[in-house]
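Here the structure is laid out as structure tokens; the discussion comes afterwards.
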Amino acid sequence: NYFNMNQLPIPDNGIYFNTFYNEKKYYGLRDFFYASSYKSYLPCGYTDDVVSYNSIRSVILNGARVIHLDLFHSGISQYLEDSKVIVGNIVDGKLTYFKEKKDQKPIEHKHYLIFEDCLKIVYDLAWAKINTPFFIYLNMEFLPDQNFENKMFNIIRKILAQKFLDKYYGFQRVNIGNIPIGKA
């Protein structure tokens, strides 16, 4: 496998001991580094690329604790009842997708992913191996609209409500960096 051949070995088989860690010291979210992924739904590049559920799976299974998703609406308008929240690639502020070249035979590709299905992948995999904080960066590429934002929120709540921080940490009561790592 080309990917595995060109990887440096993991020092000490991934076992890490921090000599500065003190069990009696208070540690917040700000005291840690988090593996993250930009445009987690793109498997190959950042422009004119296919979108893939497998890319999100791979990113999470390889240890990312922060993923990035660009959200759009399906159909001609976000104001229509049947409009769905989707994940897609943006180039120059527009939803784009892989375009076949003239001399290339047609390939099956996805223009977008269903947001709800992306969150189901997160729910199934993000806490399967480890119970540490997981962040989702949502870039909303649609006009402000309370109904569509509520639709998006209801999807998030339906799938991930069990994984939210306690409501005590909401409403700007606590700086997110000060949240104790044990509570996150």
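The values are calculated or read from the model by the stated rules, or taken from the named source; none is laboratory data. Predicted model only: the values in this text are computed from it and were never measured. Cβ placement follows ideal geometry from the backbone for every residue including glycine, while neighbour counts extend to all protein chains displayed. Side chains are part of the model used for accessible areas, which takes the heavy atoms of the whole protein and leaves out ligands, DNA and RNA. Shrake-Rupley method; radii C 1.70, N 1.55, O 1.52, S 1.80 Å.
Please compute the length gained on full extension between residue 139 and residue 125, using 0.36 nm multiplied by the number of residues separating them and subtracting their Cα-Cα distance.
Extending this stretch completely gives an extra 2.9 nm.
Quick one: with all protein chains in place, what share of the accessible area of the stretch 112-182 is carbon or sulfur, to the nearest percent (1.4 Å probe)?
Result for the stretch 112-182: 52 percent of the exposed heavy-atom area is carbon or sulfur.
Using alpha carbon centroids, what distance separates the stretch 115-184 and the stretch 26-88, in Å?
Using only Cα atoms, the two centres lie 13 Å from each other.
Quick check: pseudo-label points 7 Å beyond the Cα along Cα→Cβ at residue 57 and residue 173, how many nm apart are they?
About 3.9 nm, to one decimal.
Quick check for you: with a 1.4 Å probe and neighbouring chains kept, what is the accessible area per residue of the stretch 105-184, in Å²?
Result: 71 Å² of accessible area for each residue.
Within the set of other residues whose C-beta is less than 15 Å from the C-beta of residue 178, count the net charge using Lys and Arg as +1 and Asp and Glu as -1.
Around residue 178, the charge tally is +2.
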